[in-house]
Every structure is written in C-alpha cells, then in structure tokens.
1. So in the range A:505-531, with the set limited to residues that are among the charged types (D, E, K, R) and without any contact (Cβ under 8 Å) to a residue 40 or more places away in the chain, which one is nearest to the other protein chains (Cβ to nearest Cβ)?
2. Residues in the range B:128-160 that are open to solvent by 10 Å² or more (accessible area, probe 1.4 Å), touching a residue at least 12 places away in the same chain (Cβ under 8 Å) and part of a loop (DSSP other than H, G, I, E, B): how many?
3. Considering only residues of the range A:840-851 that are out of contact with any Asp or Glu (no Cβ under 7 Å at 6 or more places or on another chain) and either facing another protein chain (nearest Cβ under 10 Å) or touching a residue at least 40 places away in the same chain (Cβ under 8 Å) (or both), which is least open to solvent (accessible area, probe 1.4 Å)?
4. Pick out the one residue from B:363, B:334 that is in a loop (DSSP other than H, G, I, E, B), within 18 Å of the chain's Cα centre (by Cα) and touching a residue at least 12 places away in the same chain (Cβ under 8 Å).
5. Listed residues A:477, A:488; which is away from chain B (no Cβ under 14 Å) and either open to solvent by 60 Å² or more (accessible area, probe 1.4 Å) or in contact (Cβ under 8 Å) with a residue 40 or more places away in the chain (or both)?
6. Tell me, which residue of the range A:421-435 that is away from chain B (no Cβ under 14 Å) and out of contact with any strand residue (DSSP E or B) (no Cβ under 8 Å at 6 or more places or on another chain) is most open to solvent (accessible area, probe 1.4 Å)?
7. Under 6 Å by Cβ, and 6 or more places apart or on different chains, what pairs join a residue from the range A:796-808 that is free of Cβ contacts under 8 Å to residues at least 60 places away in the same chain with one that is open to solvent by 30 Å² or more (accessible area, probe 1.4 Å)?
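The values are calculated or read from the model by the stated rules, or taken from the named source; none is laboratory data. Since we're looking at a predicted model, the values are computed, not measured. Every residue, glycine among them, receives a Cβ derived from its backbone with ideal geometry; neighbour counts consider all protein chains shown. Side chains are part of the model used for accessible areas, which takes the heavy atoms of the whole protein and leaves out ligands, DNA and RNA. Shrake-Rupley method; radii C 1.70, N 1.55, O 1.52, S 1.80 Å.
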Amino acid sequence: MRKLFLLLGVFVFFCVHAQAQRTVTGRVTDDKGNPVPNASVLVKGTTTGTVTKADGTYSLVVPANARSLIFSSVDMAAVEAPIDADNTVDVSLRMEDKTMTEVVVTGYGTQRRREVTGNISNIKGAAVANKPVQSFEQALAGRATGVQITIPNGVLNTPPVFRIRGTNSISLSSYPLIIVDGVPVPTGDFSATSAGGNALASINPNDIESIDIAKDAAATAIYGSRAANGVVYITTKKGRAGKPRVTYNGSVSWTNVYGVPDIMNAQEYTDFKNMAASNNGNLNTTNPAGSGYIKFATSTDANGNLIDTYWPDHVYRTGFSNDHNLNVSGGNDNTTYYFSVGFTDQEGIIRKNDFIRKNILFNLDSRLNNFLTVGGKISYSNERNLAASTSGSLSGEAFATAGFGRLVLVNAPNVSPYLNNGSYNITPSNVVGPMGNSLAQVGFYNPVVLLDHNRSNSENNHMQANVYLQIKPLKWMTLRTLYGIDNMLVDNEVFQSPKHGDGFTAGGASASTLGKFKRWVWTNTAQFDYQFASKHNVSALIGGEQDRRTNVGFGLGRQTLSDPVYTVIQAGWVTPNTSGLAFGENYLLSYFGRLNYDFNKKYFFSANIRQDEYSAFADKQAIFWGVSAGWEISKEKFWEGGLSKIFTNFRLRGSYGKVGNTAGIGDYVIFSTYGSGLYGGQPTLIFNQAGNPNLQWETSSKVDVGLNFSMLRDRLNVDFAYYKNDITDLILNVPQAPSTGVPNSIPTNVGTMFNNGIELSLSGTPIRGKDFVWNSSFNFSTNKNEVESLAPGLTEVLSSTSGLETVSRTAVGYPVGMLWLVRNGGVDPASGRRILLNKNGNPVYYQYYVPAGQFQWTNPDGTRYNKPDGSANSITQATDGVMFGNTNPKIYGGWDNTFTYKGFDLNVLLTYQYDFYVYYGTNAGLHDMRFWNNHRDVLGAWKKPGDVTNVPKPVYLDNISNGSGLPMSYNAFRGDFIKVKNVTLAYNFPASIISKAKISNLRVYISGQNLAILTDYPGPDPEVSSNGNGNTNQGIDRNTVANGRTFVFGLNVSF
Amino acid sequence: MKNKILIVLGSIMVLGISCKREYLDPVPQTSITDATAFDTPGRIANQVNSLYAALKSGAFFGGRAQIAGEIRGENFINETTNLVTGADVWMLNPTGTSQNFVKNMWSSAYYVINLTNLFIDGMAANGSAVVGPTLSNNYLGEARFVRAVVYYTLLQHYARPYADGGGSKPGLPLRLTGIKESGFSALARSTVAEVYTQILADLNFAEANLPTSYATALLNTTRAHKNTAIAFKTRVYLTMQNYNSVITEANKIVPLVPPFVAPSGVAHALQADIVTVFRPPYTTTESILSMPMSATAGDNPGTQNQLGYYFSKSTGNGEFSLNTAGILIDPSWTVADRRRFFNAVVSGKTYLNLKYNAPSPYTDYAPVIRYAEVLLNLAEALARTNAGVDVRALALLNAVRKRSDPAVTLAPATQGDLINAILLEREIEFLGEGLRNIDLMRLLQTIPAKGSAPAKTPADQGYIWPISSDEMSLNPLMTDN
C-alpha cells in the first residue's frame, strides 16, 4: 500500500512539472458513506483551500507544487491524502476518537484526559445547551459524580444549591469556584429584590464548549485558598478553521407549576372552620351581638353563584418562553473567531416573574507568527430579573407576609379577590376582605393587587472580557499574560403600591439601588514542555496572579407617595432615605507552580503548589499544595496477554493535598469596629462588630484514590473513586451568649468536619447496531458528612429559617444541618389531642383549649405534666427536641441515556437523591387552625372518641398541635426521589434532504423538563431549599413555590 | 537573538508582576476601629449618643419594651394572631424560642448593657483624659443610668417580682465589664435583690454625676440629667415596694403642695393638655425621658416595632384593640376625660388610635418615663405608707385626673380606696405606655383573662417569660424560669 502511495507521489511530482496549476476534485464522506458538507480542504502547508458542498464534493485549484491535501471537519479526525494523478481525491473521514485526543482544563493550562491524575469530571457544553434553564449549572444535576445540584424553588434564576462532594463548610460558602476562560467569576444571588439574580446567568449555556469539574486536591490546588469546594472550569466556544459556520438555535417552551397542595374549597373551608371554632370554648360562636363573634360563611358573586376561589389560579400561570441564539464561527489556520448573540425571554410559573437576557460574545484567537499569539474575548450580558413581589421562596423570605407561595394556601377560599362591584377585595386592615365571614381576617394580603401593582426587579449588566498575549520563544517554552475584567452593575428596583400589601402602611414604598461589583485579574505564566530521551515527558508551569475586587453600592429608599398616581422613585415621596449602601475591597496576590512528569505515558506524577496572600486576613500568607500519581497498568508488559483483549486501558490513580476556603469572608472581619448611626438626628458611634485578628483560611486535606478502565473496545468505561475531605480550622461564627452583648457571632477557626464517600460512573454503549445505538451513562455518588468538633463550649449551631423558625441544628457527631424536632406521638384516639414525646420518649398530650379543671399539657392519664419540682411543665424544643433526620442526601446521581435510531435521537436523564429528610414546614401552615385554609386531609381530622387519625381535633386558633409554634416531626419526611429530569426527542434531517437548501445540519426536538418524580414526599418537590445555599439549614421546605414542569419545542440549524 | 529578547521580555512579564501590595492592607472606610474609638471628644460624644440609640432599638424602648409591658395586661385584645407582633406575649404563653419578644428583647437589652460597659471601660482607659473630668463624669453618669434602666426592665419580664421572696429569686446575669471577644458566655444569674442593688448603685452614681440640665428641650427629653435618675429611682423603689424611698426620691423633684413643678434641675411639670405631650415636638417638660425618632432610616423603630403600628388602626396596623372588658369601660373614666381623645372606634372596634398617630415611618417619640408617673408613684407610696386618706397623695392623684377631666374630683373614702384609685388612674393615664405589666408584677397580682387569653396567677407558668433559648444553650451557667 505504501509503495502504491509512493508511486502515486512520484507520479504527482512528475505531473507538477507538467503543468503549473491544476484543479483537484473529489468527495468527502463519513465512515457510513454519507457526504460530509462544509469539510475543510486545504493544500498542505498553504492557506489555499475550500470547503465541501452539501453533497460532500469539492473542487479546488491547487498550485503546481502541491502534493497533498488536508481534510478536516468538526468532530472528525483530520486526514491527509496525496493528490493523485487524475486530480481526484476522495476521502472518508472518521469520527474523532475523543478519548485519545480530548483535553481537560486543569487551571492555567490543559492536559490530555488520559494523562490527568487528579479527579476531573468533564461535561460537554451540549449537555446544558437548549435546556429551559437560566444558567448552566442548573442543568448539571445528575451529569457527573460528586456533583449535587438542587433547584431550590420555581422562581426564575435562583442559584441552585451546588455542592461538590458534600457540604464543605459551615459558615463560609460551599459553592465551588467558577473559572470562565481563565478568569474567576462571581457566584451567588446578586439581586437585592424578590427576583432571583444568579450572576452565572450571564453565561449563555449555548456558548459553553465544555465544563470541567475538578474535585480533588491535586486538580484544584492550583487555585489554592479558594479550592476547597472544588473548581469548575468553563470554556466558551471558540472558532475553528474553515468556512464560516452559522448556527441558529431557537426554542419555545411552556412551563407550569406542579405539586400545589390539595387545599379545601369554599364550602369545606367554611364548615371545617366553624367546626373548629365551636371546639374552642373561649370563642363566641353563638351570639352575633356579643363581642368577638366568629362565624364563617360563604358568599355569592354578582351572579348569585357561590364564591369558591382557588387562589393558586390567581398567582400561577402557564409561562411561555422563547429562546434564540445565533452564532457565527470560522477562521483560517492563523485566526479563528466565534461570535454569538442570544436572546431569551422566559416566563416563570408565577405571574410577572420573568427572565430576559440579551447577550453577546466574541472570542478571537490570532497567531501572528510561529512565536506570537494574541486573542481575547468580549462578553456582555443584560439580564432582567422581574417579579411583582416576594414569592416567599428565596433565602430569608419564607415567612414574608406577601409570599405568594403561602398566600395562595392561606387565604380563605370563600372570599374572592374582587368584590362584586369589581373592585379589589381588600380592607383598611390591609388584608383580603372577609366578605360573608363574621371575623376581621380570613387571609393575609390579596395577591392579585400585589401582582397588578408592585414591582421587585433586578437588572444585571455584566461585562466579562479578557485579552492575552502568548509568546513562544522556544519550542518548549510558552510565556503568556492574561488580563481580564469582570464588571457587574446590578440595578435593583422595588415599588410597593400604597393600595395594599407591604407598601400599605407606609403609604407606598420604593427602593432603587445600584451595586457595582468590579474585578480585574492579571495572570502571567510560563509553561515549559520537554521530552527527554523520548520517554521522559516533563511539563512545568510557574505563574503569578493578582485578583482585585471592589464593590460599592448606594441607592434610595423612599416612602409615602405624595400622590397615589406615582409609580416611580423619581416622583414625589415624603421620606428620602438611603438604601443599599455598601463598600468593600479585597485583593489576592498569588504565585503558583505545577510540575507534570510521565514516563512513557505509563507512570504519571503531578504536583501543584500555590501561595496566596489575602487582604482580609491579618496574617495574610499561606501555602496550598496537591500531589498525585497515576499508573497505566495496561502499558505494562504483563498486561499484554489476555487482559489487554478485555481492557483497552486500566489505570490507578491517587492524590493528596491541602487547599483552602475563603469564600464569604468579610473584607474587614479582622477588625473590631464602631459604626455610625443616628439618635434623634444626632450622630452616634456604636460598637457593631467584634473582630478576630487571628482569623485564617479553612483548610481541606483531601485524599482521593481511584481507578478507571475501559473494556470491550471502549464499549464500557468505568470510573471509580474514593474520597475523603478533612476540613480543619473550620470558621465558625461562634455565637456568644446573648447576655455578653457582643453584637455578632465572632468568626473563629475552630471546628473540624469531614466528608467521605465513593463515586462510581459507568458509561458506555450497551447497544451499537447499524441504525440503533444506545449510549448510557450512570453515575452514583455517596457522601457522609460529619461534624467532628465545634468551638470549645459550643455544643450546637442552630440555624433558623428566615429568622423565625429554627429546625436546623448542627452538632458534633452529626452531619451539618440535622433536623431538630420534637417527636410526634400521633393523635390520641380518645380525646383527639396531639401527642408529643418528651426527651425521655414519654407521651405528653396537648390541648389548645383548656376546659376548667383540665390542663394544657397532660400525662396520658389526664394529670398535669409537671416538672420534677411539681410546677407546670410543657414540651419545648429546647428540652425535648431530638436530632431527628439528616438533610444531606447520602446517595445521589443520575442516569443519562441517549437512544439513536437513524435520524432520531432520544435523550432521557434521570436524577436521584436518596436517604435524606426534608422538613416540610409548609405542612405546618397547611394544618394551622387559625383562619388559614388547610390541606384537605384535615377533613379526616379527629371528631369523636375512637377516631384513629393523624390530624388532631381541630380547635380554632390552635397553632401548636400542627407544628407552627413548636416544630415537630409530624412535618418531617423522607425526601428520596427519582426524577425524570429531562427527556428530549430529536430528529436530525438527513443531509440528502437539507443539502438542497444549503443547510448542513437541521435538527428539531421536543423536550420535557421535570416530567415526573417518584417520591413519597408529600410536598410539591423534595428538591427544595428555603434557605438557598445555606450550609446548615438545608432541606427546609417552608412556604416555597414549587418547581415548574416545562415543555420545549426547538430547532437547531447550521449553514 | 530574537529568542533571547523574547525570553527576557517574557520573564519580565511573568516575574515582574507589578503587584499593588498596598491593596493587601485595606482599612475600613465606613466604620472606626476600636483602637481609635476613644481618641477624640467627638467620637466619645457620639458614643454617648449610641448608648441611647441602642436603648431606642425597636426591639427595646423604641417600641417593643413598652408594647410587651402593655399587652401582657388585660387592656388590649390581639387582633391579628401574629406571633411576630406578640400574639404569644399577649396569650402569656411565649416559649424560650419565641424570637420576637423573648429572644430579641433579651439580646437587644444586653447589647445596650455591653455598650455601657465598654464605654465605662474605654473612658477609664483613655477617654476620660480626652474629654476632661467634668464631661467624663457626666458621660459616665449617663452610661450608668442607661445600664440601670436596662437591668430594671429585664427584671420585669425575665425574673420573679421582687415581692416574691424579697428579691431572693433568680435574677439576671450581672455583667459589668465590656466584652468584645469570645470566652465570656458563662455567667450565672445573680439574685433579683443583687440586681436591684446594682441598679440603685448606678442610679445613685448617675444622680450624683449627671448634669442638672441641658441646653435644649430636646436634649432634656432625650438625654439623662439629674432629675431623670431621680424619677427612675421612684419607679425602681415602687417596684421593690420600698415606699419610704419612693417618697424620699420623689420629694427631690415634687413639691409638697401644688403646683407640682420640679423645684430643681429641669422644671418638670404636667402639661395643661396631655395630648400635647404626645405631639411634636414631643419635648415638653412632662416627658422626662423619651426616645426620639426621625424619618431617616435607622432613626425610627423599624418594621413591626412601632407603638403606632400596634395600637393605631388608622395610621398603623391595629394589631391590638382596646379590651371592651378592660379599663376602657371603667365608669369613673368619663366621656369628657381628655384622655379618651386618644381612643377611636374603627371598623367597630375601639383602638388606642391617636396616642401614637404619626404615620409611617412612625416618628412618635416613644415614652420611657413621664412626670405624671413620678406624681402617681409618690401618691401611691404616700397612700400605702400613711393610714387613712393621705391628703398629699389625694392631691397628686387629682392633679393627674383633673388635668384631663377638670369636672371630676376624686374623693376615695378609705386608704384602700385611695390606693385602688391611684392604680386605676395609672391604667388610664399610662395606657399604651408599657407600665401595666410592672403594676401587676410588683404587687404579685393575677394577670386577668382577656379575650381568648386565660388568666395567669403568680404560680402559673407564663406569669413571667422564659429565658431566651439562645442564652440557655450558650451560657452553661444559666438557669431557666
């Protein structure tokens, strides 16, 4: 064969002399014989080239001395073919064997996947593109081992709970460090309003090429003091040489709330509440003329029909969204570009909750000559996060009176949002009017008024840009400097109408604030790659980096409108106050280095080190490091027998290192400070912070050992790892006894905690037929979290939900954020009283209404429940609460399947979390015996002796028996679930059809998100968090708006 | 050659990283560090203001202290069943985890105590030298006055009344030195009597060192002066049932015969119309100490803390209406009584609608102590000390009554009637000012039932509040009630 080519080559050479120029034609096909359009055809060593037509054919005029052509196409391995005598060159391109050439981002560089000895998971950008999400990390659930994503609620653009290998901090952030194109970016919710404002939404998921998630110390140590929570490297798409390629992705989608609790209708409510009122002997339910008369009654509308309001219908909607992305990429051998614009307008499940993003991205790389490369990127994004008012779902909002999630459940169904004359049903008491009910209050706010008149918006203008210069003075040496900025201008705007709701008592309220978050990063690196004696491969990196962040915020908070017609803050108001004042600055100065060595691609060794100096600490400097090693056993001689037939590769690897965490440390936390305020207009100087000058980094010591192998000719890839992360010097905001009068909990390096677990991923191709292919990837992660020590003398860290309810307790010997509840003993069939268990496990009965001669808290025999000294006792959480349930899933993961049949492909992603508890606080409200509407299961409440039920005898005003006033295990449930997270069915039109329209690729798809959940959890969705990304108060579902279920229809087309 | 140039250039680029080391040492731009807080007279003066500002917190004397003192009693009915606005306090069943009153009042009160202690320590260290001895003593008098007010107020909710065992019951952790670092959480409760001893020591020091008056009516109302300390002592001694000392103290600022105008220091006197006391500028000589408010953010009680928000239905949220079975219907409180001006019927219910009637952000000054109270404290002490109907006590009582209801002259027949008339007058006069709880507690009376809330005898659980659950969990020496 080679001889044949040689012969042909000689012939070509001969011909070159015969003619100065000639035309070569041919056809490019894939390995199945289908034509490959838009493939690049270049004369080797020149820039002369063309691309194939839709039918795969090409025609190229080549210079006389041309000997061979280079054929390449996206995702296919380049092929070089000699030009034969008849000037016809047909080639067949093969799909690239990615496992051989794939690189992963390792921080300040890349490395071939097979040579990486740290633990890094790779997720393709396609996994997060074209999904009904606002930011890419919302779509990461179930995609990789060790990565746990929890979507906290159905409010658009709320940052998901993002954990890598468990909760790695108590007081600081557990959110991973996110690096986009080499520049660290802000994470978290930057909205100061009731709309979500995830900073990562600035990155259009469709612009992401790949996501590399570094989990162990070796892979993350290059980011030193910020690496403890893992590092996520985002690489945006870049251009490729070849003819400009234009791609359009567009979709429309519809989203609906699911899992709204089953609440009573008007008649049920009316009858039930009257019954409950009659069970409370303190109330006047019989004498309409007497004081405090209570009577629930239905009303009729203008047409005489019964008013039966299903409040969720007035707040939730079918949200319609549309999403458009257009990008152009291309370039030649020296310069490539990627230019993208995106527009998305998403409607959430709550009326007026919208997310609108316009973004633009331009990536450019240009090799000026063989030693100098320049490039950079410019990204601008405008995100508008809109909401009318609080949903009660974001962190801190759970008990907001206006929270929609609770309003729709609480408000009486026998009143209407509108009076019969068409005006709003609201009262001067600022609640929804009672209509026919004879009592002052049967609900909180009328949500319709809030939806119609209030605004709580946040707009983010986010600029991310960088420029780099790369010099390659020697073949083995690369010098690079990169300067990047990340500037966010967050513009918050709140308007609360004086008509009703939160703005009522103030006569209208508004706030407009601007937060400016600026960052610049300057990174300089030198990279050396050298091979000795053809088997020793050495690669070394040294570098320095400065990272400077500043933030300032200011704004107005005005109250009391001069005229009710006004709706903007610039209009007339009575009080002009400041709002959103903020000032902060910090600086991180770092030097780092890395050494990679391998012997003949068989033994691998890697070491990373970083020294950080951080402005927030008094003792600023610390060193972090990680080492790792790998052994490719399949390259050993002894492997060459039968084993090599089974295993394509087999590798052991391990790592150890120490990294740090600083995320969330205040800029001035080392100082004890006095702040300024006013006392009746006079200035004050008030002690407001006890600082800790000895504060240091949290340190994570991470062990990671694993193996991976591929077998059956890569049909099955297995990746297994064990990890352990010992966190020491854990910063605790050590609360002082309130009687010390210290105004804050003092941050102190005191605690220790660990996370450990295993990770297993199985991926492969169970079926690979001619037309039918099934690719499957299953991942499974376990996590055990345990707090080993807190501060001396500190036995527990109690964490509240929105400052009002404390059910989360962190204590030594337990995982963080255990549910801390009084145990429920059921309902006494004889009396219908709630039974609670005291700390000794003895049953204690509770009755809200205490008839003469009886007691509120009794023993089962009816005697008063007494303290040892004989005085009256009661069940309290402090005395009788127990560590009831773990809120950290012990097992989680996903199962991703793609079935391909001819042009069709079907992708099914299941996610699961197992063995954890959720405190369904909303359920307490759903059984609250005040005017609140209840879950329909109260209809089965205790009514007469002998009734066996789990709902106690309803007594109007009772808010103890249900868990509102006393958190109890009645409202804690297992959260285990399997979720059909995403199903996408797509059809790819065959090239033979679309090529006539000059289209290279056309794909249409329908997709469903959150299609089904398999769970015993009674709430809307066990994937929930009322406390956002809080570490110690996870697993709380308190008045939260559920997630949405979304159906998408979309198309992708490339030219 | 080209390579060498590039290497040199590149090395400069990488290694000569032009870092800004000054960025590594940021100094707070919006606060003063503790190292320099006592360096100038201005900072020290501002710190004195901060003691009052902390006392004025919405969780404390900006509103909730008075509200808690009022709604535990029988004269108000809870309208909103909202735990945030004291439904459980009203029901007399708050738990130690009850955030909004039991926990927040405890923590905000001790914050003030620590501020006073830090201030006293800082003055001793270098502050006194900065401002000179006269001003220093004035300031220290103010700090100790504030500390006394806080300890006294805490005792009324978190400890058994003095009358129960003569102060022998568990009182409060008595903290007298400033704390700004970890390690001081553990401290056991002193007895009630020991805390009172400290309160009186502070008030006596304050009386001796406070200025006799300030330059403006505003300062006279919002900063402590000699008469403020004396007036507060009459309250403290009355609470301890030490009636002779009430008389001794009150006599310093109440003449033997009318007109009752303080003879020295600020000339405290009843105003002709009680309404003027509760209207801008809120700085009459009747208001001995009030917490000033302004519309500026942070200088008013804040959300759901404001007196007007709780009691007024017109300008507030009407959290509590007046009990139609309480003082509202007392026959001796005539329709002509000017104090009924404050009441109004809204939506069929009577509210204390106009005593605090500034609209949002509720800039009514929150009253701490008024001259009328000193008069009635003295009257009660005299009435209890002297057999029969004490003439001066009756004169003091009628001074308060006839100011608002000139047509009525009270004429109780016996010593007992006189005492009851004074107690009744206190309910009318101080309605909504937070004294009701003190009056019930100091006499170990049963808290009467109201609406759906049951009565509580002194032996009942709920007669006093439990201790903050945070204190229980963080202070290993603490004991609960």
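1. Applying the filter and picking the extreme gives A:518.
2. Within the range B:128-160, residues that are open to solvent by 10 Å² or more (accessible area, probe 1.4 Å), touching a residue at least 12 places away in the same chain (Cβ under 8 Å) and part of a loop (DSSP other than H, G, I, E, B) number 1.
3. The qualifying residue least open to solvent (accessible area, probe 1.4 Å) is A:846.
4. Numbers: B:334 fails: within 18 Å of the chain's Cα centre (by Cα).
Being in a loop (DSSP other than H, G, I, E, B), within 18 Å of the chain's Cα centre (by Cα) and touching a residue at least 12 places away in the same chain (Cβ under 8 Å) holds for just one of B:363, B:334, which is B:363.
5. Just a single option satisfies the conditions, and that option is A:488.
6. Restricting to residues being away from chain B (no Cβ under 14 Å) and out of contact with any strand residue (DSSP E or B) (no Cβ under 8 Å at 6 or more places or on another chain), the top hit is A:421.
7. So the pair list comes out as A:796/A:809; A:798/A:809.
Listed here are the residues, each with its yes/no results for (1) modelled with pLDDT of 95 or more; (2) over 21 Å from the mean Cα position of the chain (by Cα); (3) buried (at least 21 other Cβ atoms within 10 Å of the Cβ).
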{"position": "B:171", "(1), (2), (3)": "yes, no, yes"}
{"position": "B:174", "(1), (2), (3)": "yes, no, no"}
{"position": "B:185", "(1), (2), (3)": "no, yes, yes"}
{"position": "B:193", "(1), (2), (3)": "yes, no, no"}
{"position": "B:197", "(1), (2), (3)": "yes, no, no"}
{"position": "B:201", "(1), (2), (3)": "yes, no, no"}
{"position": "B:204", "(1), (2), (3)": "yes, no, no"}
{"position": "B:207", "(1), (2), (3)": "yes, no, yes"}
